[in-house]
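A quick write-up on the structure given underneath.
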Amino acid sequence: MRSEREIRTRLDLKNDLLKSYGYLSKVKNMHQQSLNELIDTDKPLRLLLFRLTFTDQFDELTEEEREKASYYIQELIALQLGQSFPESTTLQVEHNQVMTLIGGDASHEALMDVLGRLKAMADLDRELFLLTVAVYPHSCGPSELSSAYEVACRMLLERRFVGETQIVTSVSAPALDLLISPADDQELSIQLQAGERERALELLGKCMRRLEEKGASAHRFALFAREITAKIEKVLLFYQLDTKLFDERHSPFEQIGKCTEAGQLERLLARMIGELCMLVQEKKARHDPVKDFVLDYIVSHYREDLSLESVAEQLQMSRSYLSTYFRDKTGMTFTDYLNALRMSKAKELLGSGENILIGEVAAEVGYRNVNSFIRMFKKICGITPGEYRRASLQHMHGRGS
């Protein structure tokens, strides 16, 4: 027979678990009445959101060791906060997110004191993981947890590129400036496609220094790295190069996410660029006269009313044969390549700082209908020509730095 104490302990544990699920349903905005009734809907709460960034060294552990380490981290958070705030609930929201909700009267000073001690303990294992803590700046009721959680998730993106625990206590306005200046964006694309390693690495370093000078968050650095990766993949497709440049290791996005310092990220991108340029140079050594003619012809005539038929006529080939041949050799259709080149040239003009009308830009890159140009620009670049120009001017004048 179980003792009354054992039964009570088991019931308490079960109720704590159900209460955690009740809070989780509020955070995830799930309508589960039976769970929501388990939580006190009148009590104000303080929300703390923790994100774990695991390192490569963590990945080298066995699966059992990783599970134990993850459990230890959550228990460390729960123990440290539970000792000072008995009315606290700690639960795992995502595989790399832990949330603590604190009821009762929890002052900001008391919270920061506990988090300071937690930081000292977490930093002892920073070779395995880094901790980022978002302290939602206001008390909130259970009905406000979903919106508070969304704000806290945005706060986590404010983490800076330093190898230690960081505590974020305020919400910053989103950065509106471009990650790469239009001129550098254009030149980097050209140098990568040309396989010019030294100049491409020089531009990479220039962009990294600019982000460092602006005090960019780790999230902004990651967005920049994704842009560089997208350029690399585009060149791989253009030359029909082996994508095992990425596939033999972890995906580039996974590698980017594990970088904990700007220097580590720059070394990763430099290695990718170096390997790409080596492959491009090897590919260029193998001459393809038909493909080279088409590419050169597009560059020379993109301002005109250019069509696949007119190029096929120059080569005395059928349109269908040239279309298939070009796609096989470049990984892109003739139209996609022409549009990408035209938009690249348009971005160069829009970012030049000259007072040129959108219609004039359209005509300069081969469009007779300005609305068709605007639609294509937004489709390829994600924003309108006018929005791109305003962002470029803001970058040139140093706003948002």
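Read-outs: derived from the displayed coordinates by stated rules, not from any lab. None of these values were measured; they are calculated from a predicted model. Heads up, the Cβs are rebuilt from the backbone with ideal geometry, glycines too, and the neighbour counts pull from every protein chain shown.
Descriptive notes on the structure:
- Cα-based equivalent ellipsoid of segment 185-224: semi-axis lengths in Å, sorted from largest, via gyration tensor: 22, 10, 7
- For segment 270-334, applying the loop criterion from DSSP together with a ceiling of 16 other beta carbons within 10 Å to the trypsin sites (Lys or Arg not before Pro) yields R286, R303.
- Kirkwood-based Rg to Rh ratio, segment 289-396, C-alpha trace: 1.03
- Each of G103, G382, L178 was scored by the projection of its Cα onto the charge dipole of the chain, and the greatest displacement toward the positive side belongs to G382; charges sit on the C-beta of Lys, Arg, Asp and Glu.
- Charged side chains reduced to their Cβ positions (Lys and Arg at +1, Asp and Glu at -1) give segment 182-284 a dipole of some 80 debye around its Cα centre.
- The Cα atoms of segment 182-284 give a gyration tensor whose axes a ≥ b ≥ c have a/c of 1.5 or more with a/b no greater than b/c, which makes the shape oblate.
- Cα extents of the chain along the three principal axes, largest first (Å): 94, 46, 41
- For the pair segment 224-242 / segment 272-306, the C-alpha centres are spaced 14 Å from each other.
- Estimated from the Cβ-Cβ distance and a Förster radius of 35 angstrom, the FRET efficiency linking L223 and M278 is about 0.85.
- Of the GluC sites (Glu not before Pro) in segment 292-401, those whose Cβ has at most 11 other Cβ within 10 Å and which sit in DSSP loop: E304, E354
- Each label point was placed 7 Å from the Cα along the Cα-to-Cβ direction; for R286 and R117 their separation is 6.5 nm.
- Residue of A200, A362, A134 that the Gaussian network model of the chain assigns the largest fluctuation, springs spanning Cα pairs under 10 Å: A362
- Extended-chain gain in nm, criterion 0.36 nm per residue less alpha-carbon gap, D336 and H108: 76.6 nm
- Computed from label points 7 Å out along Cα-Cβ, the spacing between R267 and E127 is 1.5 nm.
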